[in-house]
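Shown next, in structure tokens, is the structure this report addresses.
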Amino acid sequence: MQSARRLRSNALLLAALLLGTLVLATMLAYEAHDAARSHRAAAERSLHDYAAVAAFELVAGVSESLQSSLAPAFAFITRSRASSPYDLLPAPALLAETADSVLACNTAKDSAGRFYFRVDFRNDSLATAGAIPAASVRRWLTDTIVKHAHTVYQEDWNYAVLIGGPRGEPASTYAYAVKFAEHGAIAAYGVRGCETRLGPAIAGVVAHRPLLPASATGGAPNDSIVSVTVRDAAGHTLFQSERTELTAYAADVPLVQAGSLTARVTIRPHGVAILALGAVPGSRVSLLVGLLTLTAAMIGVTVMQLRREHELSRLRSDFISSVSHELRTPLSQILLFAETLNLGRIRSDEERHAATDVIVQEGRRLMHLVENILHFSRAEREMTRLGVEPLDLSAVVCAIVEDWRPLAAAADVRIETQLATDVHAVADRSALRQMLLNLLDNAVKYGPASGTVIVGTSANGTGARVWVEDQGQGIPADQRELVWSSYYRLDRDARSAVAGSGIGLYVVRELARLHGGSAWVEAAAGGGARFVVEVPV
């Protein structure tokens with residue numbers, strides 16, 4: 001009892017340790033997942049920041065490029081303020097001398113529509129020089145310049161660029177600067193140029209200006225790290241990098257002074273590998289869940305093994321108790337009749353013969369039980385060795401049955417034989433005897449009082465069979481395979497007063513298997529059970 005309690009206590013302790021291991025593994029997996037998630041989030045934030053830095057650097061580069069070409073062209077307008085808001089304004093033709101190369105077109109055909117303009121904010125009048133713009137262009141330009149100059153243009157700007165035109169007509173590019181007086185803007189001077197000239201300016205910045213620090217990119221060219229796209233307010237693309245492999249790491253920065261353009265910079269996959277020192281770590285949720293599932297499965301298997309070990313321990317304890325009980329009965333009988341003979345309490349030769357018969361029978365029963373235990377022990381350790389030989393199966397079975405008859409008669413059980421003639425087998429004589437004695441012992445134990453046990457032999461093309469049939473309650477179909485397991489007894493037998501160790505049928509099947517044969521149980525014609533052993537012919 002103490003051993004069982006100790007085993008149960010150890011099992012509970014081990015189960016608690018395993019549960020603690022699972023909890024610890026879960027916590028470690030969560031921490032690893034959280035760390036990986038934080039790492040990924042930090043890497044993604046860093047890549048978005050790199051994209052924003054590159055976009056701002058691009059805007060700064062484009063602004064500087066336009067500043068270098070437009071600011072000198074409009075210097076005579078912006079370098080000084082008008083002394084009075086009523087001063088006479090210079091004619092727009094003066095721009096032809098300073099702004100002749102501003103946003104110049106590539107061909108004479110494209111340059112045919114080039115003109116210079118002045119918008120007087122004092123009376124919203126428009127004066128032009130060069131090509132004559134259409135009336136719709138004049139109205140649109142006047143309204144747009146007035147609105148843009150008063151809402152967007154900053155006093156510290158040297159220029160501004162507009163891209164657009166009247167509804168339904170092609171867009172054009174306009175560069176202009178504002179003339180200020182002491183109390184505000186009084187006029188805007190500008191030139192109509194070619195939109196296509198902005199693209200080369202952007203391309204020049206992408207090609208020659210580092211958009212990210214060399215310490216981060218290792219000196220790699222911009223085009224291998226980032227992809228650049230510049231669009232106007234209407235969504236038209238003015239510039240786009242040749243290679244367009246994109247990732248999710250991008251930033252948009254407006255070029256307000258340069259025609260309300262939007263520059264979008266996206267980190268390329270190659271740039272991700274360089275800037276993130278390798279690929280952005282992926283999610284490890286599936287891996288961690290898999291590992292946790294595997295850990296839980298292993299712990300479950302361990303718990304099942306613990307339960308199995310506990311169950312085997314209980315079965316071994318029951319086995320020892322059953323064997324002790326079975327050994328006590330024949331030993332008590334032997335000791336009783338041996339003492340009777342020793343004390344001379346026998347009154348006749350008949351009583352002496354009866355006493356010696358009991359001693360012999362109980363000795364045989366004891367020997368059978370010991371042999372069964374030895375065979376079981378060898379089978380458990382896989383140490384059973386057979387010495388097979390050709391046998392006349394029916395003759396061997398007949399001899400074994402005759403040796404068992406006295407024990408059957410003592411239990412008031414009658415044995416009948418149905419032995420076929422000319423049945424031969426290749427088997428170990430001792431093992432065959434042990435198998436048949438185990439089946440006979442079961443039939444006598446679990447059969448009814450004054451019942452009949454039938455032993456028979458038969459042969460077919462593949463093997464020779466020995467079968468033992470009783471008139472008991474039979475074996476339920478769902479338990480016919482379980483009865484061959486070690487220590488297993490039917491619930492009805494375990495609760496009965498019939499002694500049993502639960503190893504007899506296990507020994508039978510193991511010995512049959514070592515012969516290359518098999519053993520099974522089936523329903524008998526009379527309602528009991530028929531146990532069959534088949535060995536090679």
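Within the stretch 188-245, restricting attention to residues that are open to solvent by 20 Å² or more (accessible area, probe 1.4 Å), free of Cβ contacts under 8 Å to residues at least 40 places away in the same chain and among the β-branched types (Val, Ile, Thr), which residue is farthest from Gly61 (Cα to Cα)? Result: Thr244.
Beta carbons closer than 6 Å, at least 6 apart along the sequence or on distinct chains, pair a first residue in the stretch 130-155 that is open to solvent by 50 Å² or more (accessible area, probe 1.4 Å) with a second that is outside any helix (DSSP H, G or I) for Gly130/Arg114; Gly130/Phe115; Gly130/Tyr116; Arg138/Leu126; Trp140/Pro166. Residue count for the stretch 49-77, restricted to those that are under 48 Å from the mean Cα position of the chain (by Cα) and either at pLDDT below 90 or among the hydrophobic types (A, V, I, L, M, F, W, C) (or both): 8. Taking the condition of being part of a loop (DSSP other than H, G, I, E, B) and at pLDDT 90 or above, how many residues in the stretch 440-474 meet it? Matching residues across the stretch 440-474 total 1. Residues in the stretch 401-439 that are part of a strand (DSSP E or B) and buried (at least 22 other Cβ atoms within 10 Å of the Cβ): Ala425, Ala427. Restricting the stretch 206-252 to residues that are over 19 Å from Arg45 (Cα atoms) and assigned to a helix (DSSP H, G or I), which is farthest from the chain's Cα centre (by Cα)? Filtering the stretch 206-252 for residues that are over 19 Å from Arg45 (Cα atoms) and assigned to a helix (DSSP H, G or I), the one farthest from the chain's Cα centre (by Cα) comes out as His208. Hey, does the stretch 347-368 have a residue that's touching a residue at least 24 places away in the same chain (Cβ under 8 Å), touching a His at 6+ places or on another chain (Cβ under 7 Å), within 24 Å of Ile503 (Cα to Cα) and open to solvent by less than 80 Å² (accessible area, probe 1.4 Å)? There is no residue in the stretch 347-368 that is touching a residue at least 24 places away in the same chain (Cβ under 8 Å), touching a His at 6+ places or on another chain (Cβ under 7 Å), within 24 Å of Ile503 (Cα to Cα) and open to solvent by less than 80 Å² (accessible area, probe 1.4 Å). Among the residues of the stretch 147-189, those that are closer than 18 Å to Cys105 by Cβ and in contact with a Lys or Arg (Cβ under 8 Å, 6 or more places away or on another chain) comprise Ser172, Thr173, Tyr174. Of all the criteria given as (1) in contact (Cβ under 8 Å) with a residue 40 or more places away in the chain; (2) over 28 Å from Leu126 (Cβ atoms); (3) open to solvent by 50 Å² or more (accessible area, probe 1.4 Å), the one not satisfied by Val59 is (3).
For Leu89, indicate whether it is farther than 30 Å from Arg264 by Cα, in contact with an Asp or Glu (Cβ under 7 Å, 6 or more places away or on another chain) and surrounded by 15 or more Cβ atoms within 10 Å (Cβ to Cβ). When the stated conditions are applied, Leu89 passes them. For the stretch 377-424, a residue qualifies if it is touching a residue at least 24 places away in the same chain (Cβ under 8 Å), of a type in the set (A, V, I, L, M, F, W, C) and farther than 30 Å from Gln333 by Cβ, and the qualifying residues are Leu386, Val388, Leu391, Leu393, Leu419, Ala420, Val423. Annotation: of all residues in the stretch 43-56 being in contact with a Phe, Trp or Tyr (Cβ under 6 Å, 6 or more places away or on another chain) and hydrophobic (A, V, I, L, M, F, W, C), the one that is surrounded by the fewest Cβ atoms within 10 Å (Cβ to Cβ) is Leu47.
Among the residues of the stretch 387-400, the one identified as assigned to a loop (DSSP other than H, G, I, E, B) and out of contact with any strand residue (DSSP E or B) (no Cβ under 8 Å at 6 or more places or on another chain) is Gly387.
Among the conditions (1) more than 20 Å from Leu369 (Cα to Cα); (2) assigned to a loop (DSSP other than H, G, I, E, B), the only one that Ser486 does not satisfy is (1).
Quick check on Thr142: is it of a type in the set (Val, Ile, Thr) and within 60 Å of the chain's Cα centre (by Cα)? Here the answer is no, as Thr142 does not meet what is asked.
Specify the residue that is least open to solvent (accessible area, probe 1.4 Å); the eligible residues are those in the stretch 16-29 that are without any contact (Cβ under 8 Å) to a residue 40 or more places away in the chain and closer than 15 Å to Leu292 by Cβ. Out of the qualifying residues, it is Gly20. Scanning the stretch 330-359 for residues that are of a type outside the set (D, E, K, R), out of contact with any helix residue (DSSP H, G or I) (no Cβ under 8 Å at 6 or more places or on another chain) and not in a loop (DSSP other than H, G, I, E, B) yields Ser332, Leu335, Leu336, Asn342, His353, Ala354.
The set of residues in the stretch 499-537 being open to solvent by 20 Å² or more (accessible area, probe 1.4 Å), assigned to a strand (DSSP E or B), touching a residue at least 24 places away in the same chain (Cβ under 8 Å) and among the small types (Gly, Ala, Ser) consists of Ala523 alone.
Taken as a whole, the condition of being open to solvent by 30 Å² or more (accessible area, probe 1.4 Å), at pLDDT below 90 and more than 60 Å from the chain's Cα centre (by Cα) does not apply to Ser125.
The values are calculated or read from the model by the stated rules, or taken from the named source; none is laboratory data. Computed from a predicted structure; not experimentally measured. All Cβ positions, even for glycine, are placed from backbone atoms using ideal geometry, and neighbour counts span all protein chains on display. Keep in mind that these areas ignore ligands, DNA and RNA; they rest on the heavy atoms of the full protein, side chains included. Shrake-Rupley method; radii C 1.70, N 1.55, O 1.52, S 1.80 Å.
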